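Notes to accompany the following structure.
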Amino acid sequence: MLAVSGTWGVRQMTDFGTGDGGTLLYVSHLKKYFEISKSGFRVTGHVKAVDDVSFTLNQNETLGVVGETGCGKTTLGRLVLRLLESTDGDVYFNAPKEVIEKVMSLERELDRMGESNDGVDKERYDSILKELKKLSSEYSLTKMSHRKLKKYRKEMQPVFQDPFSSLDPRQIIRDILAEPMKLLTDMKPEQIREKSLQLINEVGLSEDHLYRFPHEFSGGQRQRIGIARAISIEPKLLVLDEPTSALDVSVQAQILNLLKDLQERKKLAFIFISHHLNVIRLMSDKVAVMYLGKIVELTDTERLFTNMLHPYTEALLSAIPIPDPKVGMSRIILEGEVPSPANPPKGCHFHPRCKYAMTNCGWSPRDMVLPLQEILEPLRVKSSDVLPTTKEILTDESKNTVELTFDKALTSAQFETFKTFISEAAAKPNGVRFRAIKSITLGAGGNSILMTMREADVPKLKEVKPGHFVSCLMYEKGAENTGIRGANVGKAAS
Amino acid sequence: MMQNTEGKKSESETYLRVEKLKTQFFTARGIVKALDEIDLTIRKGEIYGLVGESGCGKSVTAQSIMYLVPDPPGRIVSGKIYVGNVNILTGLEQLAKITVKSETNVKIKRNKRMIKRHNYLLSRIRGDRISMIFQEPTLALNPVIRVGDQIAENILLHLKVDMANAILRREMSTRKDYESFVQKALSIGDKDARNKAIREWCESYSISDAEELVRNIFLTYQDPETVVKSIEFIVNERKSGTNINRLSRAREYYLYQQRLFEATLNLMEAESGKNQDEIDRARTALNEIKKEGSSFLSFRIINKFIGKRIEAPLRDAAKRRVHELLNLVNIAEPERTALSYPHELSGGMQQRVMIAMALASNPQMLIADEPTTALDVTTQAQILDLIRNLNRQMGSSVLFITHDLAVIAQMCNRVGVMYAGNIVEEADVNTIFDNPKHPYTIGLLKALPRADRIAGKMVKLETVAGSVPNLITPPTGCRFHPRCKFKMDICEKKKPELDDLGDGHKVACWLYQEPGGSGK
Amino acid sequence: MELRYFILRRLLLLIPTVLGLSIFMFILIEAVPKAILVTPYINPHSRIPYIIQEANALKILGFNYPPPIAYLFYLDRLLHGNLGLMSMPGYPNSVAAAIVDAFPNTIQLTIFASLLSIAIAIPLGTYIGARPNSIADQAGRVFSLTGYAIPAFWLALMLQIVFGKNILLGNPLGVLPFSGSFSASAIPNPTPSWFVNGITYPTHLVIFDALIHGDFPLFVDALKHIILPVLTLTYGILAGILRFMRAGMVDASNQEYVKTARSKGVPEKLVIKRHIRKNAMIPTITVMGLLVAGLLGGVVLVEYVFAYPGMGYLTTQGILSYQIWLVIGTTLIFGLILVLTNLIVDVVYALTDPRIRY
């Protein structure tokens, strides 16, 4: 179960040595599945909001999490703070250095065991699992009791997107600021008052603002108050969920500058969640790009923006409008929409929209229905002699087959014609999905054609270049498309 | 004077012209001076960007142009808005009398009869000549009506005459047409070519579902007489739902409605001109047309009861057009999408539907109010691309409103920057980004985090201090002066006019004009 | 289809609800002195001693067992449609039979009242909701607030005094019958076979049975009798629906899609009819269902005042003469109706609003 990805390992601590205190946060194989039920009687499926996400974060470092609506970035933030219970996985926050190193090395060993083809030493495997379980129940936030958690709660704080709804409208600012200090520390009222004053000054407001209600403030000022509240108990980590999305450009700049100032002064670590790539570039040291619950690329900011490797990142970056009319945009317009997370595409979730897609990227029967119709439609119009009329296109996801039924039996010549149509379509540059057809056979009775799709490979987040993690089959050994983007990368990795 | 010739040239190309538009909101806390006499011209075929922060009045501008400012509390106080050659604010003073006693005590006396007539004028112009795309497609689509019906509504409101014409032309075709076609078809020896001809012909008569049948007739019979008879039978069966007489009567009625509208419009324009002769002439003309109306009495009564049946062929045509439109906005399965409810579609799809709806009756002018703000980056890219392509294809003008300067840079030909109810700078897009003049524009551009530039821990953005002022008590003089780095004495005292610096680069700032010279 | 599952789920939920209701009823029964419970089971003219009769009755009813077992006896009787016995002059012996006689009249009043109020409130609400703060709106507000404020029984009395034909009062407007469901004088002579003991067949509703058998004078007479009770009931729900319709209209007209409709050039009349009213109907439908269910409370009082022989009248008569099984029985039926109405409202709501996810 655990043998999934090469984790964002120990080495990165030295790679991104901007922090001075080592690893602050280690998130390991974190998952959150929401149950869905169509009938209301039983669970019919899962929305994998966060699916096997791992990363580390150092002190005084910023991880930008970027992705489109529904990619799971907000859920990830809430899981890390344990505002939501996770389905599986661990969050090690502020754990002793040795513990994290130990966990990482154990997980690496598990990975190796999972990948090696030789027989697995069952005993060793079980003992590793047991040890990991022990460590995680002791140190992982996701498994901790609520009493123990309280100690960690005050070292990490959220800042929410909407400055209008995240402040209690019936409390004055002084009370809003004092609340976390009252609950999570044993400061005396006198100290709290002093601290509040200091905080309000720190975020650029003045003392008289303490005695007003939230509705008397503008959006930017409210966000300042939200930040002041978050830093009131001297946390080490702030999870900022779209902190400036609701703000105007000029105010956004003020808030971003304030955050940078605070980070510098207080040595804070940030998880900065945003769909604004330009803000991400300004704020982050490293960036995780998420798509349908998975991290597809993870590396330091400059490398991501100048030398991205995942096709989704490429499309995402090219979609950002640049505020300069002379920069002609070489946009990659992604076709279609983000698929429903309740029923994501097989294999690599991104493959139906990917322009580099290969045959093993996860083409499944449901990807074939519309393109097949497109091929058959002009045939039908041309003449009914070429092929009989198509009755329906049946798909079977579990068997990985597409079945075409016709109203009449096909002659062998017609079957050959059909095959040539498919191979013609496969020869076209965008005909990858047709290349992914493993076999075409004539069904029993001769009035149906059965196509079997190639098995999908699932990409894993792998380190393809030092410090550059990508989850894409193009960078696997022996991939078809390495010639297009990944040739030099592949070499560098091996 | 140079300015004059320049003005004339743009005049001929202008589609939308806004003059001294002043919109205010009369609230319990005081009068919000949302728009402070703004001027705006949009040329045919251009994309004009209006950019500014929230509360600067860009959405109010859009709503004012559509006369959609929520009333109460808002009202357009004065100004002119020319859409093509029609001023949609004709007779504005007569709609309501506003008596301002104090900031919080304002009496508005509405004239119901005039408002009714004005609504009539608006209903003929909105959607037909000018339409709008809203910011939140989720909220802007009616949740309980299928999207296809929502689009068709627009078509049925404005394209009735065109559609009736087309249908009648098709239905009135005679036996001669069939004969000549059958002769032609039989003369084609090649089977494929003949099939193709049949197909095209069937499509032009909208009997595509009978195509197979017609083809079989050709296969079965060889003598022209029988074939013609059979086809006639099919075609007649097809159109049995259409009562040609009724439809042509309906068309006459629609045309009469059009004439009535034009006459009403003339009268409204004459009335605002205060020339008694003209008013009388317009009134007689209107009365003449109204007299015609009596001849439609029986039709109107019939229409009231079986209007749906009369319009059935129009509805069919509208349905086909809905599918066409959905195709145009790159929706893969138009038939299925037309039947779905808004909540069943994703945000991007909803916005496409909105665009299809706005384009339904081929308007000359499209107002897009933050059309991509609620969408993801990749979807935003798709929608922007779509709007740009449609603008190129159809040649309609676009007023593009956004707070995102980057989108402006990628979309627009000309840009107006708004601040607190004023346009403070206006120029073509390159000038705005290369050589901004107004301190606010400069500040905005510098405050923008940019994904195309290297940033790092140490990089800080430049900011514009302070925030947008409260427009109940806006700052005196230049409304930007409390936040301005270059504030001078005059800025507090006198409002700078939007002054042309040459090449159409207009700035409203005392840094670039002499205090004495602005009175012109 | 998911709607099917939704209805199925709601129907399954009905079972525990109804069981709960029966348990509650049983607790009430347990609280009543046993002597009162067995009264209708005892024949005072019998020669068998009272004590033995009582013991037999208790045994039949299962009260000689501990309460949980006794409840099972009760449930068994319920499932067989046996709601207990009663002894009231002019009424059948069995509670179930009495309810069967009275039930149609109540339903008739309720349906007439709700149809009338819907027919008035929806167009009126649309009209005033489209013109907030106009004079019509102010008048509508006063009208509906009055409807809320005036208790049904008081309104019933007033209507009776003003419009009821009463020799003692000698009121000039008194053109409508004072009480009852038909006048004795309107009964055809000789009494037809479908008219037995003041109950008509087959529907038990005088209005409809008169129509079915072609007795027009009786039909008019019965119709006159129903006017005042229906008007009284109508006013209460009318006020509620009107208020909600108005609020729905005002709320919907401030929505963004109304702007869209206007921006398409939809004439104002159609904007109201097609875009605003359709959305305003959704919350109104919910309220309508609840109000109609709430009508059952009003019905008891109104029927009592007008001596209209429905469930309410029956219940009050039962209360006054200590008919415990009758009271329990009618309460149970009222509860069932309420639950069913709620179910119907939910289904209708799901059908009208395409956004509802079941």
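The values are calculated or read from the model by the stated rules, or taken from the named source; none is laboratory data. Nothing here was measured: the structure is a model prediction, and the numbers come from that model. Here the Cβ positions follow ideal geometry from the backbone for every residue, glycine too, while neighbour counts run over all protein chains shown. These area figures cover heavy atoms from the full protein model, side chains too; ligands, DNA and RNA do not enter into them. Shrake-Rupley method; radii C 1.70, N 1.55, O 1.52, S 1.80 Å.
Computed values, structure above
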| read-out | value |
| --- | --- |
| Of all residues in the stretch A:226-266 being free of Cβ contacts under 8 Å to residues at least 12 places away in the same chain and over 18 Å from B:ALA465 (Cα atoms), the one that is nearest to the other protein chains (Cβ to nearest Cβ) | A:GLU264 |
| Search result, residues across the stretch B:390-407 that are within 11 Å of chain A (Cβ to nearest Cβ) and either open to solvent by 10 Å² or more (accessible area, probe 1.4 Å) or in contact with a Pro (Cβ under 7 Å, 6 or more places away or on another chain) (or both) | B:HIS403, B:ASP404, B:LEU405, B:ALA406, B:VAL407 |
| Subset of the stretch B:97-143 [open to solvent by 10 Å² or more (accessible area, probe 1.4 Å), among the aliphatic types (A, V, I, L, M) and more than 10 Å from chain C (Cβ to nearest Cβ)] | B:ILE98, B:VAL100, B:VAL106, B:ILE108, B:MET114 |
| Residue that is surrounded by the most Cβ atoms within 10 Å (Cβ to Cβ), among those in the stretch B:481-493 that are in contact with a Pro (Cβ under 7 Å, 6 or more places away or on another chain) and under 20 Å from B:ASN470 (Cα atoms) | B:CYS484 |
| Qualifying residue in the stretch B:445-466 (condition: more than 32 Å from the chain's Cα centre (by Cα) and away from chain A (no Cβ under 11 Å)) | no |
| Scope the stretch A:232-252; condition open to solvent by less than 10 Å² (accessible area, probe 1.4 Å) and under 16 Å from A:MET283 (Cβ atoms); matching residues | A:LEU237, A:LEU238, A:VAL239, A:LEU240, A:PRO243, A:THR244 |
| Listing of helices (runs of 4 or more DSSP H) fully contained in the stretch C:241-358 that carry 3 or more residues being within 11 Å of chain B (Cβ to nearest Cβ) and either under 30 Å from C:ALA57 (Cα atoms) or of a type outside the set (Gly, Ala, Ser) (or both) | C:256-263, C:277-306 |
| Within the stretch B:409-432, considering residues that are at the interface with chain A (Cβ under 10 Å from one of its Cβ atoms) and buried (at least 20 other Cβ atoms within 10 Å of the Cβ), the one farthest from B:ASP369 (Cα to Cα) | B:ILE432 |
| Filtered residues of the stretch B:331-349 (kept if in contact (Cβ under 8 Å) with a residue 12 or more places away in the chain, more than 9 Å from every other protein chain (Cβ to nearest Cβ) and open to solvent by 30 Å² or more (accessible area, probe 1.4 Å)) | B:GLU335, B:LEU339 |
| Flag for A:LEU277 being within 24 Å of A:PRO341 (Cα to Cα) and assigned by TED's automatic domain parsing to the domain that holds A:VAL65 | yes |
| Residue count for the stretch C:108-161, restricted to those that are hydroxyl-bearing (Ser, Thr, Tyr), open to solvent by 20 Å² or more (accessible area, probe 1.4 Å), under 30 Å from C:LEU270 (Cα atoms) and in contact (Cβ under 8 Å) with a residue 40 or more places away in the chain | 0 |
| Residue within the stretch B:292-307 that is surrounded by 13 or more Cβ atoms within 10 Å (Cβ to Cβ), part of a helix (DSSP H, G or I) and either of a type in the set (Lys, Arg) or at pLDDT 85 or above (or both) present | no |
| Criterion violated by B:ALA374 - all others in (1) more than 10 Å from chain A (Cβ to nearest Cβ); (2) open to solvent by 10 Å² or more (accessible area, probe 1.4 Å) satisfied | (1) |
| One residue from C:VAL305, C:VAL345, C:VAL327 being touching a residue at least 24 places away in the same chain (Cβ under 8 Å) and under 22 Å from C:GLY20 (Cα atoms) | C:VAL345 |
| Any hit, the stretch A:324-344, residues being among the hydrophobic types (A, V, I, L, M, F, W, C), more than 9 Å from chain B (Cβ to nearest Cβ), surrounded by 22 or more Cβ atoms within 10 Å (Cβ to Cβ) and touching a helix residue (DSSP H, G or I) at 6+ places or on another chain (Cβ under 9 Å) | no |
| Restricting the stretch A:345-364 to residues that are more than 10 Å from chain B (Cβ to nearest Cβ) and assigned to a helix (DSSP H, G or I), the residue that is surrounded by the fewest Cβ atoms within 10 Å (Cβ to Cβ) | A:PRO352 |
| Which listed residue, of A:ASP248, A:ASP285, A:ASP324, A:ASP241, is assigned by TED's automatic domain parsing to the domain that holds A:LEU83 and modelled with pLDDT under 90 | A:ASP248 |
| Residue count for the stretch A:465-478, restricted to those that are open to solvent by less than 10 Å² (accessible area, probe 1.4 Å) and within 17 Å of A:PHE305 (Cβ to Cβ) | 4 |
| Breaking point among (1) of a type in the set (A, V, I, L, M); (2) modelled with pLDDT of 85 or more; (3) within 16 Å of A:ILE449 (Cα to Cα), for A:LEU372 | (2) |
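Rundown of residues vs (1) polar (S, T, N, Q); (2) in contact with a Lys or Arg (Cβ under 7 Å, 6 or more places away or on another chain), yes/no style:
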site: A:GLU107; (1), (2): no, no
site: A:ARG147; (1), (2): no, no
site: A:LYS154; (1), (2): no, no
site: A:GLN157; (1), (2): yes, no
site: A:PHE160; (1), (2): no, no
site: A:MET181; (1), (2): no, yes
site: A:THR185; (1), (2): yes, yes
